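The values are calculated or read from the model by the stated rules, or taken from the named source; none is laboratory data. Note that the coordinates shown come from a computational prediction; the quantities given were computed from them, not determined experimentally. Glycine gets a Cβ as well: all are built from the backbone with ideal geometry, and neighbour counts include every protein chain shown. The protein model used for the area step is the full one, side chains on, heavy atoms only, and it has no ligands, DNA or RNA in it. Shrake-Rupley method; radii C 1.70, N 1.55, O 1.52, S 1.80 Å.
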Amino acid sequence: MGNMLSPLPGLRRGSHRKEPLANPGSFDELHRKCKEVFPQQTEGVKLIINKSLTSHFQVTHTIHMSTIGQSSYHLNTTYVGDQQLSPTEAFPTLIGDINNAGSLNAQVLHLLAERIRTKAVFQTQQSKFVTWQFDTEYRGDDYTATLTLGNPDLISESIIVVAHFLQSITSRLVLGGEMVYHRRPGEEGAIVTLAGKYTALKWIATLNLGYGGAHASYYHRANDQIQVGVEFEANTRLQDTSFAFGYQLTLPQANMVFRGFLDSSWCVGAVLEKKLPPLPVTLALGAFLNHWKNRFHCGFSIIVG
């Protein structure tokens, strides 16, 4: 008789399972969605040719004829390994870029273990090393921890150490922080910054707040065609604040993307990108005007491949 009054197995308490929290990603990508809305500065005439030699190796030639600076040529090579974690991530990855002046930028990204990623960055200005940086990132189930060493020099006893940590509190809220420590002869200091990110269905709000200032951004996706972004930055050391508003209009049927922005320095600008299928060619036309300094420049780019 007692068994007849017992609850059914499907109605027992505690049968509801809570979904696990997702990894919050990298600290450097907190403001990425908002920044992608803004157009990239362009001037002069630029020709970019992308060529895939194999499924792992790609070469890019960039010729830039500038109207306000020196013209340049860049050769970029990229090697991508077989270990692919997502459509945009594959390991190991080797990237090298050299210009006509002999300056080199190189990056090496490698997956040491399932959760441990490493990156090495080297930068030279002609024959002189100016940057060497080493990153190690550990991605847990719901958190990310990163340690960066910048320009370590044992002889002059100088180094820059950056530590990042992000934790998913809920499925929409991410909290974390950054600590930057620098040491050189006669100078030593550290800056701590707190960070938070809230992701809703159609918008993302992000805030970095610390002793050095604040950086806030807001991204909103109105529909499949319209996206807007707002950025606010305050620097306590320079006693300066800035504000910028950007937007992106996508017209899939016309194969066009239009990006524009307006900031607190009275700068306005826009870039129009147009793809020409079935040819692997993209045309880009941009114009930027600084009302405060009375400066205007425009640019035209052709991207092949």
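Here are the numbers for the structure shown:
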{"item": "Candidate set: region 58-87, residues that are among the small types (Gly, Ala, Ser) and part of a strand (DSSP E or B); chosen: the one surrounded by the most Cβ atoms within 10 Å (Cβ to Cβ)", "result": "SER72"}
{"item": "Region 180-232, residues that are open to solvent by less than 50 Å² (accessible area, probe 1.4 Å) and of a type in the set (Phe, Trp, Tyr)", "result": "TYR219"}
{"item": "Subset of region 119-159 that is over 15 Å from ASP28 (Cβ atoms) and among the β-branched types (Val, Ile, Thr) - its residue that is modelled with the lowest pLDDT", "result": "ILE155"}
{"item": "Count - residues of region 228-241 that are free of Cβ contacts under 8 Å to residues at least 24 places away in the same chain and under 19 Å from ALA270 (Cβ atoms)", "result": "0"}
{"item": "All positions within region 30-57 that are loosely packed, with under 15 Cβ neighbours inside 10 Å, hydrophobic (A, V, I, L, M, F, W, C) and part of a loop (DSSP other than H, G, I, E, B)", "result": "LEU53"}
{"item": "Filter result (open to solvent by 60 Å² or more (accessible area, probe 1.4 Å), within 23 Å of the chain's Cα centre (by Cα) and among the basic types (Lys, Arg)) within region 233-273", "result": "none"}
{"item": "The listed residue being modelled with pLDDT of 95 or more and in contact with a helix residue (DSSP H, G or I) (Cβ under 9 Å, 6 or more places away or on another chain), out of GLY246, GLY269, GLY299", "result": "GLY246"}
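So that you can scan it fast, the table gives a plain yes or no per residue for (1) in a loop (DSSP other than H, G, I, E, B); (2) among the polar types (S, T, N, Q); (3) more than 20 Å from the chain's Cα centre (by Cα):
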{"residue": "GLN133", "(1), (2), (3)": "no, yes, no"}
{"residue": "TYR138", "(1), (2), (3)": "no, no, no"}
{"residue": "THR146", "(1), (2), (3)": "no, yes, no"}
{"residue": "PRO152", "(1), (2), (3)": "no, no, yes"}
{"residue": "ILE155", "(1), (2), (3)": "yes, no, yes"}
{"residue": "ILE160", "(1), (2), (3)": "no, no, yes"}
{"residue": "PHE165", "(1), (2), (3)": "no, no, no"}
{"residue": "VAL174", "(1), (2), (3)": "no, no, no"}
